[in-house]
Each structure stands twice: as structure tokens, then as C-alpha cells.
1. Whole-Hz Karplus ³J(HN,Hα) for segment 25-35, in order, using 6.51 cos²θ - 1.76 cosθ + 1.60 and θ = phi - 60°, x for Gly and Pro?
2. Would you tell me the accessible area of residue 14, worked out with a 1.4 angstrom probe on the heavy atoms of the protein chains, in Å² to the nearest 10?
Amino acid sequence: MAIAYYIPDQATVLRRGIMKEQQILRARQAYWRFVFILFWELLHQYVQYERQSLGKCRLTRFLH
């Protein structure tokens, strides 16, 4: 009884490797885009809070 093993050619292996690398890069870019947007929104809310609380006793005075 003979058993056949499939051995992919080099082009197939390279193509799969490139596709996997692109998936990893897309996931990494999506992660950093999410982190940036989260930071940007937090900064935006902080600036709005600071504008609203001008002249009032602010928590940031105690932090400096």
C-alpha cells in the first residue's frame, strides 16, 4: 500500500507566507489605528473638559 504525501512547490509556499505576512501586518495596523484613535479621543475629551472648567478649581492644579 502506497501513501502519497503532498509537497507544495516553492511558489505555493512563498505565496502562503506572503499572504500570512500581509494578514499579520493588517492586524498590526488595525491595532495601532485603534490605539491612536483611543488616545486621540481621550485627548479631545480632556481638552474639552479643560475649556469648560476655565476659572474653576481644577484637578490638574493638584497634579502639577
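1. 5, 5, 5, 5, 5, 5, 5, 5, 5, 4, 4
2. Rounded to the nearest 10, that gives 100 Å².
The values are calculated or read from the model by the stated rules, or taken from the named source; none is laboratory data. Note that this is a predicted model, so its numbers are computed, not measured. Protein only, heavy atoms only, side chains kept; ligands, DNA and RNA dropped before computing areas. Shrake-Rupley method; radii C 1.70, N 1.55, O 1.52, S 1.80 Å.
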